[in-house]
1. With an 8 Å Cα cut-off and a minimum separation of 6 or more residues, compute the relative contact order for region 15-146 in percent.
2. Estimate the FRET efficiency between residue 132 and residue 64 by the formula 1/(1 + (r/R0)^6), using the beta-carbon distance for r and 30 Å for R0, to the nearest 0.05.
3. Check each of the trypsin sites (Lys or Arg not before Pro) in region 19-98 and keep only those in coil by DSSP with at most 11 other C-beta atoms within 10 angstrom; list them in order.
4. Find how much the distance from residue 26 to residue 117 grows on full extension, using 0.36 nm per residue of separation minus their present alpha carbon separation; answer in nm with one decimal.
5. Which whole-number percent gives the relative contact order of region 78-146, counting Cα pairs below 8 Å spaced six or more residues apart?
6. Which of 111, 44, 80 has the fewest other C-beta atoms within 10 Å, and how do the rest follow up to the most?
7. Starting from 0.36 nm per residue, how many nanometres of slack lie between residue 37 and residue 71 once their C-alpha separation is accounted for?
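Just so it is clear, none of the values below were taken in a lab; they were calculated from the coordinates. Just so we're clear, the structure is a prediction, and the values are computed from it rather than from any experiment. Reconstructed Cβ throughout: ideal geometry from the backbone, glycine too, with neighbour counts over all protein chains shown.
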Amino acid sequence: MKHKILYLFLLLIIIAAGCVKSASNAPPPPVPSGTFSGQFKLYHRHTDKVPYDSLITNITVTFKTPDYTYAVTGDTTTLHAGSYGTYGVSVPYMIFNDKTYNPTAPYTKTHLSGEYLYNYDGTTLILQASSVDTLILGYVLKKISN
């Protein structure tokens, strides 16, 4: 009899735990708008070396939400291309369509193009993309104006 009461008690605890309202999911991050400035980081691993090569440059990205356009400026002389285009948001991704990117041209600079994971808290925007295990692209940008 004691075992039956114990099992009944455990069953009631399980049922009660299922009825308790859990914390709601966090709201999706807002859509970035305004001017952001910060670092672009490129990490590349060669097949014959273990550590990643890392390159860093400072850039500025301006997002305009009414028409969902963006422009990249700043230090665009060597590592990152100055560019512009349109973007879309599908949480947790931002998708960029760079109008200056030419897939048939020789690769010389990185373009803000394609799909990136993003996180935005209203002040700091983080974008990250990777290609298999040899390339990681990261942006850490702070909002500097509306």
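1. Answer for region 15-146 is 27 percent.
2. On the way: r = 33 Å, r/R0 = 1.10.
The computed FRET efficiency comes out at 0.35.
3. Those that pass, being in a loop and sparsely packed, are 21, 49.
4. Net length gain for the segment: 31.1 nm.
5. After rounding, I find 23 percent.
6. In increasing order of surrounding Cβ atoms, one gets 44, 111, 80.
7. Additional length available on full extension: 11.1 nm.
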